[in-house]
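The values are calculated or read from the model by the stated rules, or taken from the named source; none is laboratory data. Values in this document were obtained by computation on a predicted structure and should not be read as measured data. All Cβ positions, even for glycine, are placed from backbone atoms using ideal geometry, and neighbour counts span all protein chains on display. Heavy atoms of the whole protein, side chains included, go into the accessibility calculation; ligands, DNA and RNA do not. Shrake-Rupley method; radii C 1.70, N 1.55, O 1.52, S 1.80 Å.
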Amino acid sequence: MFAQQDIQVANKTSRTNGAVGKNAIVPRKVREYLGAYCDEEITILDFGAGKTAAHQQAMLQDGWAVTAYEFGDNVDPRFHNELALMQTYDIVYASNVLNVQSGFDMARATIKQVADVVVTGGVFFANYPASPRKSEITPKEMEWLLMEQFGAVTRVGGIKSAPLWMCMK
């Protein structure tokens, strides 16, 4: 589905320190949403979880059942479920994923992958950090790509140049 070069570029951006795990903005927003609207029976996917699935690990410590998905050389069977995209989820989140897409085609395909696993009535949370960005896609253009797949796209955090969106299906 993706060119090996595009996968390698995205894989190299995986982080294990800084704003990861409990410190990361996207999982923090997901926790807020879970606390306000959800019960323990909810299904959650960490899409593009990174080498160590740090966000997933933090969510597991909080008591949430979260599946981690990753691709390329970052896949580690200790953390990632290679079959994760064969089921559906109530909540999917992608932290520092959209910003490492190499262009419109990869971004569109990635967003479609996500939309395909979000249940009707489900939610997708994603940020679009200013750095690193691996394409020239503007935040407005990325929002447009999200709107192609989701019924409602709302900025719920971040700033105009580096938004955090909640997308409803």
Query raised in the report: Which entries of LYS51/LYS112; LYS112/LYS140; LYS51/LYS169 show an alpha-carbon separation above 26 angstrom in the structure shown?
Result: LYS51/LYS169
Query raised in the report: PHE104: accessible area at probe 1.4 Å, nearest 10 Å²?
Result: 80
Query - Sparsely packed GluC sites (Glu not before Pro) within region 77-169, loop by DSSP, other Cβ within 10 Å at most 15 - result: GLU82, GLU136
Query raised in the report: How would LYS169, LYS51, LYS140, LYS160 rank on accessible area, largest to smallest, probe 1.4 Å?
Result: LYS160, LYS140, LYS51, LYS169
**Report entry** CD proxy at 222 nm, helix term only [per DSSP H run n ≥ 4: -39500 (n - 2.57); per residue of the chain; nearest 500]
**Finding:** -9500 deg cm²/dmol
Query raised in the report: Amide H neighbours of PHE125 under 5 Å, counting only residues 5+ apart in sequence or on other chains, H built in-plane at 1.01 Å?
Result: VAL92, TYR93, ALA94, CYS167
Query raised in the report: Between THR88 and ALA36, what length comes free when the chain is fully extended (0.36 nm per residue of separation minus the Cα-Cα distance, one decimal in nm)?
Result: 16.6 nm
Query raised in the report: Which one is right for this structure if Cα extents along the principal axes in Å is calculated from it: [x] 64, 37, 22; [y] 39, 34, 31; [z] 51, 40, 29?
Result: [y]
Report summary line: The summed charge of the LYS169 Cβ neighbourhood (under 13 Å; Lys/Arg +1, Asp/Glu -1) stands at -2
